[in-house]
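So the structure is just underneath, and the comments pick up after that.
The values are calculated or read from the model by the stated rules, or taken from the named source; none is laboratory data. On a predicted model such as this, the values are computed, not experimentally measured, just so you know. Glycine also receives a Cβ, built like all others from the backbone with ideal geometry; neighbour counts cover every protein chain displayed. Side chains are part of the model used for accessible areas, which takes the heavy atoms of the whole protein and leaves out ligands, DNA and RNA. Shrake-Rupley method; radii C 1.70, N 1.55, O 1.52, S 1.80 Å.
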Amino acid sequence: MEALKISSIPSLQIPSKFDKAQSKKLTSFCFNSIPSSTFSLVQRSISTFKIFTTISSSVSTEPANPPEPEVENRTQQEKFDWYAQWYPLMPVCDLDKRVPHAKKVLGIDVVVWWDRNESAWKVFDDSCPHRLAPLSEGRIDQWGRLQCVYHGWCFNGSGDCKFIPQAPADGPPIHTSKKACVAAYPSTVQNGIVWFWPNSDPQYKDVLAEKKPPYIPELDDPSYSGLMGNREIPYGYEVLIENLMDPAHVPYAHYGIMRTNQPKEKADREGGRPLDLSVQKLDINGFIAKQEWGRSKFLPPCVFYASPLDPVDQGNGAASSAGTKKVSSAQRRALLIFICIPVSPGNSRLIWTFPRNFGVWIDKIVPRWIFHVGQNLILDSDLYLLHVEERKIMDAGPNQWQKACFVPTKSDALVVGFRKWLIKYAGGQVDWRGKFSGALPPTPLREQLLDRYWSHVVSCSSCSAAHKGLRVLEVVLQVVSFSLVGIVAATKQAALSVAARTTLVAMAILSFAASKWLAHFIYKQFHFHDYNHALR
């Protein structure tokens, strides 16, 4: 089998190649761990969501099974500053330039909008300085300004108020007052994602020159395919990240959806097995984890990714760029990238993408929404478990996680590593700066909790277009069905032969049945698809 390799990511300090044995293991795993659904043939080629999590891990929390030594590098800055980081908002492919978009990060309500005068995405505080109406409910006016639709105040790309309709033209220029301005956050587009800096103080206006978001070259490489997806998640940032870092849950929580490599001797139906992973380097900047097939890395606060790689430099755990063997463009490479965003207590946002340089043609002919069908099903299959789990963790107290949870095996290595980083450097939880009481929102009805329409479809350009198109097709089929029945009923018996009449009635029945099937399909794929573990 041709070696499956990953290209280097210098900015993330990760090495760039791995051997043939590793290639065989990852390739075999990736193309067997797929959702088994109507679209499994398509998803087989892209090695979808959380695939990497069935591979193994090597840190133990029990004295009887001691972990491998961790390398901890202390820096002068011992406390992680949640508000001195770049945060991703949305993939550009899912943002409509014609309208403003409301988003929340770290409890901050922002509006993302396209400033055609500067040809750039802008991020403002989602509050008009006049009467605090949400600017995200506004519009882009004919001059390309962001307009509040409550009283018509208009703002340029710098947040300056340019027009107050209620102010007399011959009166004082009250629109020039600082109080009339909107707080504008530093923002940039990198790797096809809009990022913002959560501090609108003028001193951070040029922060991009000093600090940039994590950069992944493959996402800008035209030889790679990198379809993105996003979804609002009804459980918190901490639980989202540790779930993506957890290898052992996949055969169980996603049973019947994702096929995984089975051990020769199965201990149970699902094929769970001992796993082997170790955290090799942990400091304020995150950690690197070793797996049998390569490396995964956590770059706080948002980025977690996995890739098959050569062993890192044993001296400091970082990649060695000098002397790295150049990887042929003909060799297969892939990355699994998850970007986890803290929204508010009990809520997070996930952006995912799996760049690869093979099977790229599939993404050019298959609509993106088809891939999202399977990825959403995987998210839904353990969503309720994690929603409930988070509440139990909060009852115990975030800093009591390791006392409340019994994690005796090596398969929890990355989860333990993340919780260790969170407690040691980041205060044990996201710093909300007093915006919230600390209580989680109440648990909604199951159908609302697993809702796909508001959590994904409305904010995904591909799924939204597909939803509208399929709904139109559903109506067309119903119209055709009733029209055919009407034609048969209105036409005199002598005017139509028995064969013609039978054909029209059959077509009417088929059209009606097709509309009903389509309505069911739309509901399950774009609104609510429950998952019953007991019946799997």
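Can you say whether VAL239 is open to solvent by less than 20 Å² (accessible area, probe 1.4 Å) and touching a helix residue (DSSP H, G or I) at 6+ places or on another chain (Cβ under 7 Å), as far as the supplied structure shows?
Considered against the rule, which asks whether it is open to solvent by less than 20 Å² (accessible area, probe 1.4 Å) and touching a helix residue (DSSP H, G or I) at 6+ places or on another chain (Cβ under 7 Å), VAL239 comes out as yes.
Which of the following residues is of a type in the set (Asp, Glu) and either touching a residue at least 24 places away in the same chain (Cβ under 8 Å) or in contact with a His (Cβ under 9 Å, 6 or more places away or on another chain) (or both): ASP201, ASP160, ASP206, ASP170?
It is ASP160.
For a quick check of your reading: which helices (runs of 4 or more DSSP H) sit entirely within the stretch 417-536 and have at least 2 residues that are aliphatic (A, V, I, L, M) and more than 21 Å from VAL105 (Cα to Cα)?
461-490, 498-526
Tell me, yes or no, whether the stretch 342-364 has at least one residue that is over 21 Å from HIS249 (Cα atoms), modelled with pLDDT of 80 or more and in contact with a helix residue (DSSP H, G or I) (Cβ under 6 Å, 6 or more places away or on another chain).
yes
This table checks each residue for (1) in contact with a strand residue (DSSP E or B) (Cβ under 9 Å, 6 or more places away or on another chain); (2) under 20 Å from ASP206 (Cα atoms); (3) aliphatic (A, V, I, L, M); (4) without any contact (Cβ under 8 Å) to a residue 40 or more places away in the chain.
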site: PHE80; (1), (2), (3), (4): no, no, no, no
site: TYR87; (1), (2), (3), (4): yes, yes, no, no
site: LEU95; (1), (2), (3), (4): yes, no, yes, no
site: LYS104; (1), (2), (3), (4): yes, no, no, no
site: ASP109; (1), (2), (3), (4): yes, no, no, yes
site: ASP125; (1), (2), (3), (4): yes, yes, no, no
site: PRO134; (1), (2), (3), (4): yes, no, no, yes
site: ARG139; (1), (2), (3), (4): yes, no, no, no
site: GLN142; (1), (2), (3), (4): no, no, no, yes
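Using the structure shown, decide if GLY157 is among the small types (Gly, Ala, Ser) and on the phi > 0 side of the Ramachandran plot.
no
Tell me yes or no: at least one residue of the stretch 129-137 is modelled with pLDDT of 95 or more, closer than 26 Å to VAL92 by Cβ and open to solvent by 30 Å² or more (accessible area, probe 1.4 Å).
yes
Among all residue pairs at least 6 apart or on different chains, which show Cβ distances below 7 Å where the first residue, located in the stretch 390-409, is over 26 Å from SER278 (Cα atoms) and the second is of a type in the set (Gly, Ala, Ser)?
Close Cβ pairs (under 7 Å, with a partner that is of a type in the set (Gly, Ala, Ser)) amount to ALA396/ALA404.
Given the conditions (1) open to solvent by less than 60 Å² (accessible area, probe 1.4 Å); (2) modelled with pLDDT under 95, report the number of the one that ASP220 does not fulfil.
For ASP220, the failing item is (1).
Can you pull out the residues in the stretch 404-416 that are of a type outside the set (Lys, Arg) and either in a helix (DSSP H, G or I) or touching a Pro at 6+ places or on another chain (Cβ under 9 Å) (or both)?
ALA404, THR409, SER411, ASP412, ALA413, LEU414, VAL415, VAL416
Which count do you get for residues in the stretch 283-316 that are in contact with a Gly (Cβ under 6 Å, 6 or more places away or on another chain), part of a strand (DSSP E or B) and modelled with pLDDT of 85 or more?
Residues meeting the conditions: 4.
Residue by residue through the stretch 253-272, note down the ones that are open to solvent by 40 Å² or more (accessible area, probe 1.4 Å) and either part of a strand (DSSP E or B) or touching a residue at least 60 places away in the same chain (Cβ under 8 Å) (or both).
Of everything in the stretch 253-272, those that are open to solvent by 40 Å² or more (accessible area, probe 1.4 Å) and either part of a strand (DSSP E or B) or touching a residue at least 60 places away in the same chain (Cβ under 8 Å) (or both) turn out to be TYR255, ARG259, ASN261.
Of all residues in the stretch 96-116, which are surrounded by fewer than 19 Cβ atoms within 10 Å (Cβ to Cβ) and either part of a loop (DSSP other than H, G, I, E, B) or of a type in the set (Val, Ile, Thr) (or both)?
The answer is ASP96, LYS97, ARG98, VAL99, GLY107, ARG116.
Within the stretch 497-519, is there a residue that is open to solvent by 60 Å² or more (accessible area, probe 1.4 Å), modelled with pLDDT of 95 or more and under 30 Å from LEU449 (Cβ atoms)?
Yes - at least one qualifying residue is present in the stretch 497-519.
Would you mind telling me which numbered condition in (1) farther than 30 Å from GLY427 by Cβ; (2) among the β-branched types (Val, Ile, Thr); (3) open to solvent by 30 Å² or more (accessible area, probe 1.4 Å) VAL388 fails?
Just one mismatch for VAL388, condition (1).
Any idea how many residues of the stretch 273-282 are assigned to a strand (DSSP E or B) and either open to solvent by 80 Å² or more (accessible area, probe 1.4 Å) or under 22 Å from PRO408 (Cβ atoms) (or both)?
5
Quick check on ALA439: is it modelled with pLDDT of 95 or more and either closer than 25 Å to VAL343 by Cβ or buried (at least 18 other Cβ atoms within 10 Å of the Cβ) (or both)?
Judged against the criteria, ALA439 is not a match.
Restricting to the stretch 226-236, name every residue that is closer than 26 Å to TRP369 by Cβ and open to solvent by less than 30 Å² (accessible area, probe 1.4 Å).
MET228, GLY229, ASN230, ARG231, ILE233, PRO234, TYR235 - these are the residues of the stretch 226-236 that are closer than 26 Å to TRP369 by Cβ and open to solvent by less than 30 Å² (accessible area, probe 1.4 Å).
Name every residue in the stretch 148-198 that is among the hydrophobic types (A, V, I, L, M, F, W, C), open to solvent by 60 Å² or more (accessible area, probe 1.4 Å) and touching a strand residue (DSSP E or B) at 6+ places or on another chain (Cβ under 7 Å), in order of residue number.
If the condition is that a residue be among the hydrophobic types (A, V, I, L, M, F, W, C), open to solvent by 60 Å² or more (accessible area, probe 1.4 Å) and touching a strand residue (DSSP E or B) at 6+ places or on another chain (Cβ under 7 Å), then VAL149, PHE163, VAL189 are the ones that fit.
Identify, please: which residue in the stretch 391-423 is among the charged types (D, E, K, R) and over 21 Å from GLU232 (Cβ atoms) and is, among those, most open to solvent (accessible area, probe 1.4 Å)?
LYS403
Could you please tell me which pairs satisfy a Cβ distance under 6 Å, a separation of 6+ or placement on different chains, a first residue in the stretch 462-476 that is under 20 Å from MET228 (Cβ atoms) and open to solvent by less than 70 Å² (accessible area, probe 1.4 Å), and a second residue that is assigned to a helix (DSSP H, G or I) and not β-branched (Val, Ile, Thr)?
Here the result reads SER462/ARG368; SER462/TRP369; CYS463/TRP369; CYS463/HIS372; ALA466/TRP369; HIS467/PHE526, each pair linking the stretch 462-476 to a residue that is assigned to a helix (DSSP H, G or I) and not β-branched (Val, Ile, Thr).
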